[in-house]
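Everything below concerns the one structure shown next.
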Amino acid sequence: MILSTAVELSPSLWTIDYKDQICLLGSCFSDNMATRFAAHYFRYVSNPTGPLYNPISIAHHINDDCVTKADVVIITFGTAWVYEENGVVVDNCEKRPAECFRRRRLTVDEIVEKWQPILARLSTKRIIFTVSPIRHLKDGLHENQLSKSILLLAVERLSKGLKNVNYFPSYEIVLDELRDYRFYADDLKHPSAMAVSYIWEKFVSIYMDRATQQSMVELHQLWKDSHHRPLNPGSAEDEAFQRHIAQERKALQVRFPWI
């Protein structure tokens, strides 16, 4: 009996490994994924100026050090809705009254026209686009679907024919494969920790080769040991465990000196 519709994932033409510097920009789903990179000791920066939700605001930060120093850039579009002040899209409304801004929805063409020259400049970097599965319920369910559809169509056009640009279907995995409220947090908008872990496993399966995945197992064990809360801090058992962690870290630092 088949109880879900699996999203078909094609192997990437390129991979991510521990030699790479990784930059994540976009909605708070970027930060969800960043916690997984952190738990495996990848070298990454996530949203250095805070979460950015629409494609124009994200484009405003494409020249930040996070991007210029990165080998891999992961961009998560969250919404096609923008707020404008004097005809300019603002990145953050800073809790000012709504009447200070004009709210409107971007078009596919606007997003493509903004991002095509950016992608041309970033041709030496590996780029992954994804659309956030977080639902913007304040827009209304129908408006949220229209917004996500615009983002999906824009990414389809942007990634077409570019070997250094991929699309990762996090949105489809949550909406079509998981498709159940148990995979959402209590607010029914954000994916649950279980859903994010599931998406991470899918991500790893297509972007990390076997050698990198083996290293990830070793490094994640160190991360778990380092974050373990002892029952009896300062006890002989705890001190022995801390010495074990230090030995493991020292051994791994031969291959991964930044940990």
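What to note about this one:
- Against the main long axis of the alpha-carbon atoms of the chain, helix 236-252 sits at an angle near 60°.
- Hull shadow area, averaged, the chain [alpha-carbon convex hull, nm²]: 17.4 nm²
- Separation of the Ser123 and Ala38 label points, Cα + 7 Å toward Cβ, nm: 3.7 nm
- Among beta bridges that DSSP assigns inside the chain, antiparallel share in %, nearest 5: 30 percent
- The separation of segment 109-128 from segment 189-242, counted between C-alpha centres, amounts to 33 Å.
- Per residue, the chain reaches -12500 deg cm²/dmol at 222 nm when only DSSP H runs of four or more residues are counted, each adding -39500 (n - 2.57).
- Placing dummy labels 7 Å off each Cα toward the beta-carbon, the span from Val88 to Lys160 is 3.3 nm.
- Listed pairs Lys125/Lys224; Lys69/Lys202; Lys19/Lys125; Lys69/Lys160 exceeding 22 Å between Cα atoms: Lys125/Lys224; Lys69/Lys202; Lys69/Lys160
- Degrees separating the helix 193-207 axis from the principal Cα axis of the chain, which is the longest one: 90 degrees
Every number in this text was worked out from the coordinates using simple rules, so none of it is lab data. It should be emphasised that the depicted structure is a prediction, and the values quoted were computed from it without experimental measurement. Note that each Cβ is placed from the backbone with ideal geometry, even for glycine, and that neighbours are counted across all protein chains shown.
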